[in-house]
Ligand SMILES: [Zn+2]
């Protein structure tokens, strides 16, 4: 006999109602299973309760997350929307789950340390800079399960094909990217990647002019080139109403009515 502890109930409370089992109740350690849930029984073990194999299913199984296959996740948004922070968070969680991860970024992006992904809030993760996205497959270890790609918008050729190839090999691919360039136009191959991805997360920043959610990156200085890798002070996040793509170089812009 042993006491049912609160954490035991917590572990299985998602499956069934525990109106019949109160904390502190005594149950038999051996013998027939004492709890049931809609799909089977719950068996006490030295590690709390384990869920036995599901009973035979009739018809097709439906998985709410992919199982035994690869897939593509895109984390997109404007500058300062927390894309890289989210990428690092997902990769770290995969590490906690003891999955083998590898991270890459375009060699063009040398803002921070060359061999690390770095978010604006100073989180970093080791990564390999590559000149072309097509280099990634041959740099993969045989047991890699999760691939992170930061600043994916800077890969100008082969991004979609490479990610599709990795996902086809059973790898979970997580790409963080700007979805719009400084003109507010879809950025390079990212729209296509979003189209073939299983999961798309769109992050919003905060407009520095008015405080609304911001999905545009206002270029404050520099040239008219689409790719201009710059530190944070070259851009600021702006909302639809405050965005002025035709204006570069005016740091103090009057917004009518504000
Ligand atoms: Zn605004």
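Summary table
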| item | result |
| --- | --- |
| Contour minus Cα-Cα distance for residue 61 and residue 221 (0.36 nm per residue) | 52.2 nm |
| Percent of beta bridges antiparallel (DSSP, the stretch 71-203, rounded to nearest 5) | 15 percent |
| Inter-label distance for residue 69 and residue 116, nm, one decimal - labels placed 7 Å from Cα along Cα-to-Cβ | 3.8 nm |
| The stretch 71-203 - Kirkwood radius from inverse mean 1/r over Cα pairs (Å) | 14.4 Å |
| Taking 120, 141 and counting other C-beta atoms within 10 Å, the order from fewest to most | 141, 120 |
| Residue 208/residue 185 FRET efficiency (R0 25 Å; Cβ-Cβ; nearest 0.05) | 0.75 |
| Under the Debye formula (equal points on every Cα, no solvent term), log10 I(q)/I(0) of the stretch 60-110 at q = 0.19, 0.22 Å⁻¹ | -0.88, -1.07 |
| Computed E for residue 169/residue 244 - FRET, C-beta separation, R0 45 angstrom, nearest 0.05 | 0.55 |
| Residue order, fewest to most surrounding Cβ atoms within 10 angstrom, among 183, 240 | 240, 183 |
| Normalised contact order of the stretch 124-207, rounded percent, pairs of Cα under 8 Å and 6 or more residues apart | 28 percent |
| Extension gain, residue 195 back to residue 96 (0.36 nm per residue minus Cα-Cα distance, nm) | 32.7 nm |
| Packing rank of 66-77, 95-106, where each peptide gets the mean count of other beta carbons within 10 Å, highest leading | 66-77, 95-106 |
| Nearest-0.05 FRET efficiency for residue 142 and residue 89, computed from C-beta distance (R0 35 Å) | 0.85 |
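Only the coordinates and a few stated rules stand behind these numbers; no lab work does. Please read all numbers here as calculations on a predicted model, not as lab measurements. Methodologically, a virtual Cβ is constructed for each residue, glycine included, from the backbone with ideal geometry; neighbour enumeration extends over all protein chains shown.
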